[in-house]
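Quick one: the structure is below, and I'll ask about it shortly.
The values are calculated or read from the model by the stated rules, or taken from the named source; none is laboratory data. Values in this document were obtained by computation on a predicted structure and should not be read as measured data. Note that each Cβ is placed from the backbone with ideal geometry, even for glycine, and that neighbours are counted across all protein chains shown. When the accessible area is computed, the model is the full protein with side chains, heavy atoms only, and any ligands, DNA or RNA have been set aside. Shrake-Rupley method; radii C 1.70, N 1.55, O 1.52, S 1.80 Å.
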Amino acid sequence: MKPRRVAAPYDWAALHRLIADSFAYMDGRIAPPSSIASLTPAAIAAHAAAHDVWVIEAGSTPVACLLGQVKGDRYYLGKIAVDAAHRNLGLARRLMEASATNATGCAALQLQTRVELVENQRAFARLGFVIVAESSHSGYARPTSVTMERPI
């Protein structure tokens, strides 16, 4: 199971299902709700056209993905998703390592996770990420997200 970057044509609906299913556990746990509600297969395709979409497949079915993009001197990792049946196999790590090898000119990998999702923060810490900032979504006085980075 090897990561690869995908572009059109691709089964964007299958990738969207993977992300939606992987993020469903956050419903009712985080405030504000995840931006996954506004993510569409077409938006994923547009991201792939302008940036990077990394996938790992079992056969032709996506079982892990990461939406990446260069932001200044950081390579931002977004919408990291792993199918429940394929968790704890190191797939997220493989996606991150593949994206790091293609993040030319970037000093670090960067991601955000919600304050409430401490298990995600611990998982990313095990992958070498450290918290570098907190931020608040519009309308919230308290921090709602943490930014984590790992040097490349």
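Just to make sure I understand: if all protein chains stay in place, what is the order of 22, 135 by accessible area at 1.4 Å, largest first?
Output order, biggest surface exposure first: 135, 22.
Find how much the distance from residue 50 to residue 17 grows on full extension, using 0.36 nm per residue of separation minus their present alpha carbon separation; answer in nm with one decimal.
9.8 nm
Subtracting the Cα-Cα distance from 0.36 nm times the residue separation, let me have the gained length for residue 24 to residue 89 in nm, one decimal.
21.4 nm
When a/c is below 1.5 the answer is rounded, else prolate if a/b is larger than b/c, else oblate, so apply that to the range 8-97 with a ≥ b ≥ c taken from the square roots of the Cα gyration tensor eigenvalues.
rounded
Using the beta-carbon distance between residue 107 and residue 141 and R0 = 25 Å, what value does 1/(1 + (r/R0)^6) give for FRET efficiency, to the nearest 0.05?
0.20
Using +1 on the beta carbon of Lys and Arg, -1 on that of Asp and Glu, and nothing else charged, what's the dipole of the range 50-99 about the Cα centre, debye to 20?
The dipole of the range 50-99 has a size of about 160 debye.
Percent of accessible area on the chain owned by carbon and sulfur, 1.4 Å probe?
About 54 percent, which is the carbon plus sulfur part of the accessible surface.
Let me ask something additional. Under the rule of at least 5 residues apart or a separate chain, name every residue whose amide H is placed under 5 Å from the amide H of residue 108.
75, 152
Debye sum, Cα scatterers, the range 60-148, no solvent: what log₁₀ I/I(0) at q = 0.18, 0.24 1/Å?
Those come out to -0.85, -1.30, one per q.
Same structure again: What does the helix-only formula give at 222 nm for the chain: each DSSP H stretch with n ≥ 4 adding -39500 (n - 2.57), the total divided by the residues, and the result rounded to the nearest 500 deg cm²/dmol?
Calculated from helices alone, the mean residue ellipticity at 222 nm is -8000 deg cm²/dmol.
Which whole-percent values make up P(r) of the chain when all C-alpha to C-alpha distances are grouped in 5 Å steps starting at zero?
2, 9, 19, 22, 22, 17, 7, 1, 0, 0
Follow-up. Check each of the trypsin sites (Lys or Arg not before Pro) in the range 75-109 and keep only those in coil by DSSP with at most 16 other C-beta atoms within 10 angstrom; list them in order.
Answer by residue number: 87.
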